[in-house]
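*Asks:* Before I ask anything, here is the structure I am working with.
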């Protein structure tokens, strides 16, 4: 943060010096102004204003004071404490918003899970993470008779998963199963896979608390991929289990 503010300070000073229709005299002046305009716009607008709000006149006064070493209004230590307090308040507000959204979503999710258990073939696996909370629901599509993984096992499986509105989020590629340690998977998948014999194919309904919980998941371009508090519906086909070496030897 300190380096960003110092850089912006210098760049805004250049902008102010050339304000009022004054021409940029050299190519270096032009480059400096261009960098200032780009960095100032990106940092001041998208970072500072969007997160904290900003009085630009006060901001530029502070920039000038910092360049001149004038700590009459505020020194570095006090500035750091103020920003930490602001960050703490922002975090607190964000947590309050998440909790409110969670309470609203939980009522809807509980209703969905209650109705789903009434569907033919669905059963519930006890929640191994919280015995008082809802567990994963499953329906057997194809029964398997192989080994059942443990929490320390590696697994190889085909999968697809979607939201309750039918939106497909991801699936394994044809002929290219996914593999990895059970302990690295979502809690709901861990509970399901440690109850699932090799050769099985199940439909699995994971409560939000055993999925991504209150956290949104994003695509690389910043769009929301999975909203917070989302129930996830998986179709899993367990192909093999064993040690990581056993899984690798199959390749």
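*Asks:* When residues of the stretch 228-243 are filtered for being assigned to a loop (DSSP other than H, G, I, E, B) and surrounded by 21 or more Cβ atoms within 10 Å (Cβ to Cβ), how many remain?
*Replies:* Taking the stretch 228-243 first, the residues assigned to a loop (DSSP other than H, G, I, E, B) are 228-231, 243.
If we keep only those that are surrounded by 21 or more Cβ atoms within 10 Å (Cβ to Cβ) as well, we get 229-231.
Summing the residues that are assigned to a loop (DSSP other than H, G, I, E, B) and surrounded by 21 or more Cβ atoms within 10 Å (Cβ to Cβ) in the stretch 228-243 gives 3.
*Asks:* Among the residues of the stretch 63-79, which ones are free of Cβ contacts under 8 Å to residues at least 40 places away in the same chain and either touching a strand residue (DSSP E or B) at 6+ places or on another chain (Cβ under 7 Å) or surrounded by 13 or more Cβ atoms within 10 Å (Cβ to Cβ) (or both)?
*Replies:* First pass over the stretch 63-79, keeping only residues free of Cβ contacts under 8 Å to residues at least 40 places away in the same chain: 65, 68-75, 77-79.
Passing the criteria: 65, 70, 71, 74, 79.
*Asks:* Right, something else. Quick check on this structure: which one of 109, 93 is surrounded by 13 or more Cβ atoms within 10 Å (Cβ to Cβ) and not in a loop (DSSP other than H, G, I, E, B)? Can you show your working first?
*Replies:* Details: 93 fails: surrounded by 13 or more Cβ atoms within 10 Å (Cβ to Cβ).
After applying the criteria, what remains is 109.
*Asks:* Test residue 155 against the stated conditions and say whether it is modelled with pLDDT of 95 or more, more than 27 Å from residue 106 (Cβ to Cβ), assigned to a strand (DSSP E or B) and touching a strand residue (DSSP E or B) at 6+ places or on another chain (Cβ under 6 Å). Break it down stepwise before answering.
*Replies:* Values: modelled with pLDDT of 95 or more: yes; more than 27 Å from residue 106 (Cβ to Cβ): yes; assigned to a strand (DSSP E or B): yes; touching a strand residue (DSSP E or B) at 6+ places or on another chain (Cβ under 6 Å): yes.
Against the criterion (modelled with pLDDT of 95 or more, more than 27 Å from residue 106 (Cβ to Cβ), assigned to a strand (DSSP E or B) and touching a strand residue (DSSP E or B) at 6+ places or on another chain (Cβ under 6 Å)), residue 155 qualifies.
*Asks:* While we're here: When you go through (1) at pLDDT 85 or above; (2) surrounded by 11 or more Cβ atoms within 10 Å (Cβ to Cβ); (3) more than 30 Å from residue 215 (Cβ to Cβ); (4) touching a helix residue (DSSP H, G or I) at 6+ places or on another chain (Cβ under 9 Å) one by one for residue 14, which number turns out not to apply?
*Replies:* (1)
*Asks:* Working only within the stretch 178-207, note down all residues that are over 15 Å from residue 146 (Cβ atoms) and either assigned to a loop (DSSP other than H, G, I, E, B) or out of contact with any helix residue (DSSP H, G or I) (no Cβ under 6 Å at 6 or more places or on another chain) (or both).
*Replies:* 178, 180, 181, 183, 184, 185, 186, 189, 191, 192, 203, 207
*Asks:* Which of the residues that make up the stretch 208-227 are touching a helix residue (DSSP H, G or I) at 6+ places or on another chain (Cβ under 6 Å) and assigned to a loop (DSSP other than H, G, I, E, B)?
*Replies:* Listed by number, the residues that qualify are 211, 214.
*Asks:* Would you check which residues across the stretch 151-177 are surrounded by 19 or more Cβ atoms within 10 Å (Cβ to Cβ) and without any contact (Cβ under 8 Å) to a residue 24 or more places away in the chain and list them?
*Replies:* Correct list: empty.
*Asks:* Any residue at all in the stretch 127-146 that is out of contact with any strand residue (DSSP E or B) (no Cβ under 8 Å at 6 or more places or on another chain), in a helix (DSSP H, G or I), touching a residue at least 60 places away in the same chain (Cβ under 8 Å) and farther than 20 Å from residue 228 by Cβ?
*Replies:* The first filter runs over the stretch 127-146 and keeps only residues out of contact with any strand residue (DSSP E or B) (no Cβ under 8 Å at 6 or more places or on another chain), leaving 127-133, 143, 145.
Adding the requirement that they be in a helix (DSSP H, G or I) leaves none.
No - not one qualifying residue is present in the stretch 127-146.
*Asks:* Among the residues of the stretch 178-200, is there at least one that is exposed (fewer than 14 other Cβ atoms within 10 Å of the Cβ), over 20 Å from the mean Cα position of the chain (by Cα) and over 18 Å from residue 246 (Cα atoms)?
*Replies:* Within the stretch 178-200, not a single residue is exposed (fewer than 14 other Cβ atoms within 10 Å of the Cβ), over 20 Å from the mean Cα position of the chain (by Cα) and over 18 Å from residue 246 (Cα atoms).
The values are calculated or read from the model by the stated rules, or taken from the named source; none is laboratory data. Since we're looking at a predicted model, the values are computed, not measured. Cβ coordinates were reconstructed from backbone atoms using ideal geometry, including for glycine residues, and neighbour counts include every protein chain displayed.
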